[in-house]
Amino acid sequence: MHDFDTLSHDGQMAILMELAQSVTRSYDLPAGVDVKLLNLSENATYRVQAPDGQRWALRVHRGGYHTKEAIASELAWLRDLRAQNVVVTPTPIAGKNGELIQTVHHPRMIEPRHVVLSHWEAGVEPGIGDDLTQPFEVLGEITARMHQHSRQWRRPSWFVRPTWNFETTLGERNPHWGKWRDGMGVDAQKAALFGRTVDVIGKRLLAYGQDESRFGLIHCDLRLANLLIDDDIVKVIDFDDCGFGWFMYDAATPLSFYEHEPQVSGLIEAWKTGYRRVAKLPAADEREIPTFVMLRRILLLAWIGSHAETETAQSMGVPYTEGTVGLCEDYLAKYG
């Protein structure tokens, strides 16, 4: 009976857990592994732990979000980044059938789900209350190296990933994460202010352009939850949203959900310091970072509105929308 979409949230989570537990048998894992939900965002991510303490990360991909080819493309990039010593990324593990992507059916789902298992990476997710100056410098260096790799890497002929341009982020027709107007608590007054801000962002990015020196394959989601601090090493995980976008968008995503915090300007400066140790940062690129911070903030309004079932969206909610007002006013005062 294919009724997954009609189930309650708890009902869906129970089905996903059944699927996650069953797919562990597709891998050469020790007997008696324990499966625990870690995070529900676009995908459901689980910790798989063996009785002897060995751990793995299991990701059950959201239905209808990425094709198997797109997931294979993500894995191809993150594996090459690690192989070339650009950055420490997750190491996916093949199943007993030799495939990195397992396709799993459940009787209560119409479509099968794609699943990827990776080795567990040690490290701690940084918090906005931590002293992040040094990690952001390191992240700037890493991001610059990732951009250099992106420009030089010969992608497989079958490589396919989403494009994150103005139309697919803040556009009206078919944005990837839904429309910002549908964000929580976006009333008529806020919609007018946000709309003026979006118009300015669009005009600036049109003038900035999508030349290959400015636009290419990027991570697209370097937020704190996707970083791991392991002593002095900053690791990058969760390439699920990687795709083609502006390189400087990667300067904005580490500030996701915290764009309003007072330490943000200092963190951007630390990021730029690190970036310049590896690559040039042209003045035109540096000048547009505030535009990408603003684009990301409004894009996250859309994400929260279209992902209301997630803990992240629920924890941000209407206050995040209200906090966006001052940011828009400041941005328009400088650039509008």
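Couple of notes before you dig in:
- Residue within the range 164-179 that is touching an Asp or Glu at 6+ places or on another chain (Cβ under 6 Å), within 30 Å of Ile233 (Cβ to Cβ) and modelled with pLDDT of 95 or more present: no
- Scanning the range 102-114 turns up at least one residue that is in the same structural domain as Gly63 (by TED's automatic domain parsing), surrounded by fewer than 20 Cβ atoms within 10 Å (Cβ to Cβ), among the basic types (Lys, Arg) and not in a helix (DSSP H, G or I).
- Residue in the range 60-68 that is on the phi > 0 side of the Ramachandran plot and touching a residue at least 12 places away in the same chain (Cβ under 8 Å) present: yes
Yes or no, residue by residue, for (1) charged (D, E, K, R); (2) part of a loop (DSSP other than H, G, I, E, B); (3) touching a strand residue (DSSP E or B) at 6+ places or on another chain (Cβ under 9 Å); (4) within 27 Å of Ala313 (Cβ to Cβ):
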{"residue": "Asp5", "(1), (2), (3), (4)": "yes, no, no, yes"}
{"residue": "Leu19", "(1), (2), (3), (4)": "no, no, yes, yes"}
{"residue": "Arg25", "(1), (2), (3), (4)": "yes, no, no, no"}
{"residue": "Glu42", "(1), (2), (3), (4)": "yes, yes, no, yes"}
{"residue": "Arg59", "(1), (2), (3), (4)": "yes, no, yes, yes"}
{"residue": "Arg62", "(1), (2), (3), (4)": "yes, yes, yes, yes"}
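- Here Lys96 fits the description: more than 23 Å from Gln314 (Cβ to Cβ) and exposed (fewer than 13 other Cβ atoms within 10 Å of the Cβ).
- Qualifying residue in the range 72-85 (condition: in a loop (DSSP other than H, G, I, E, B) and either closer than 14 Å to His119 by Cβ or not polar (S, T, N, Q) (or both)): no
- Of the helices (runs of 4 or more DSSP H) entirely within the range 122-210, those holding at least 2 residues that are under 21 Å from the mean Cα position of the chain (by Cα), in the same structural domain as Trp246 (by TED's automatic domain parsing) and under 22 Å from Ala270 (Cβ atoms) occupy 133-152.
- Residues satisfying the stated conditions in the range 1-12, i.e. more than 18 Å from Pro112 (Cβ to Cβ) and either of a type in the set (S, T, N, Q) or under 24 Å from the mean Cα position of the chain (by Cα) (or both): Thr6, Ser8, His9
- Subset of the range 27-71 that is within 26 Å of Gly243 (Cβ to Cβ) and among the acidic types (Asp, Glu) - its residue that is surrounded by the fewest Cβ atoms within 10 Å (Cβ to Cβ): Glu69
- Unmet criterion (only one of (1) closer than 16 Å to Thr253 by Cα; (2) at pLDDT 95 or above; (3) of a type in the set (D, E, K, R)) for Lys203: (1)
- Considered as a group, the residues in the range 213-241 that are acidic (Asp, Glu) and surrounded by fewer than 18 Cβ atoms within 10 Å (Cβ to Cβ) include one that is nearest to the chain's Cα centre (by Cα), and that residue is Asp230.
The values are calculated or read from the model by the stated rules, or taken from the named source; none is laboratory data. Quick caveat: nothing in here was measured; it's all calculated off a predicted structure. Using ideal geometry, Cβ is built from the backbone for each residue, glycine included, and neighbour counts are taken over all protein chains shown.
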